[in-house]
Amino acid sequence: MTAEIFVEWLKVVNAAMRQQHRKILLLLDNAPSHLNVELSNVKLEFLPAKSTSCLQTDGPWCYTTVQV
C-alpha cells in the first residue's frame with residue numbers, strides 16, 4: 001500500500017465514523033506508508049519498532065468495542 005492510498009482510505013473511514021458519531025483508535029506498525037494524519041474521528045497510534053510480532057494475537061484479527 002502506498003502512503004497516498006492509506007491517507008485516502010483514512011479519510012473515507014474518518015467520514016464514516018463522523019456520520020455515525022463514533023471515534024476509533026487504530027493501532028499501526030511503523031510501515032513507511034503509515035503516515036501520521038490528524039483526523040477528527042480516527043486516532044492513530046504507532047507501535048514501537050520491531051514490536052509487531054510480539055503484540056500480535058494467535059488469530060489474524062482482534063476486534064473489540066470499548067466504551068469511553
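Distances between placed amide hydrogens fall under 5 Å for Val42 paired with Ile24, all partners being 5 or more residues away or on another chain. Simple rule: put +1 on each Lys or Arg Cβ and -1 on each Asp or Glu Cβ in region 3-55, find the dipole, and look at Gln20, Leu35, Ala3; the Cα lying farthest toward the positive end is Gln20. Close amide H pairs (under 5 Å, H built 1.01 Å from N) link Leu28 with Glu45, Phe46, Leu47, residues at least 5 positions away or on another chain.
The numbers here are math on the coordinates, done by the rules we state, and not lab data. Keep in mind that what you see is a predicted model, and the values were worked out from it rather than measured. A quick note on method: Cβ atoms are made from the backbone with ideal geometry, for glycine too, and the neighbour counts reach across all protein chains shown.
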